[in-house]
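Enquirer: I am attaching a structure below and will ask some questions about it afterwards.
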Amino acid sequence: MTGLDQVVLGFTALVLVVLGALAAAASFGFPAALHWLSAPQGWVEGLLILAVFVLLAAYLVTILLRQKGEPAVVHQAELGTVRILVTTIKGLVAKRAREVEGVKDALVTVLHTEPLQLRVELEILPDFNVPRLAEELQAQVKDYLADTMGIAVSAVEVLVRGIGGSAKPRVS
């Protein structure tokens, strides 16, 4: 969160405390506490109050949208946390999967980040043993992410979505 965000949030909190105190005072029998809101001295004062509230609301919405961000896997390192974005993990796993003999294409989905669970959808070449290929891929993905990123993988789900191309070029 930036310094400007903190200032705006502090100002918003102050405005809400003042409005809450005025509302509480009015409910305890001091109606004059809210008189200045119900009857502003002029339309300029009313527009100014409206503008402040609209700008605060718009800024708070932008802070919320900015905070969502992309999901990441958090790795606790010796000197602090390391956040690895899900797109990075998906790209590395897909690249590694395509390097496995018999895999033509791979699409990776992160099912959960804590603990890390992946689904790898494969298009494989014909004439390969599917269970053996899947087990090899699972082991390689688990080892690869542990070695390169320091991330433990709890599950690698493999889905063979099709057979593509041929393993050997045909000679006519």
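No lab work stands behind these numbers, since they all come straight from the coordinates. Just so it is clear, the model here is predicted, and its values are computed rather than measured. For neighbour counting, all protein chains shown are included, and Cβ atoms are generated from backbone atoms with ideal geometry for every residue, glycine included.
Enquirer: Based on what the data block shows, is Ile151 over 30 Å from Gln6 (Cβ atoms), of a type outside the set (Phe, Trp, Tyr) and part of a loop (DSSP other than H, G, I, E, B)? Don't jump to the end; show me each part of the working.
Expert: Values: over 30 Å from Gln6 (Cβ atoms): yes; of a type outside the set (Phe, Trp, Tyr): yes; part of a loop (DSSP other than H, G, I, E, B): yes.
Yes, satisfied.
Enquirer: Same structure, new question: Pairs under 6 Å by beta carbon, first residue within 20 Å of Leu65 (Cβ to Cβ) in segment 2-27, partner surrounded by 13 or more Cβ atoms within 10 Å (Cβ to Cβ), six or more apart or different chains?
Expert: Asp5/Ile63; Val8/Tyr59; Thr12/Leu56
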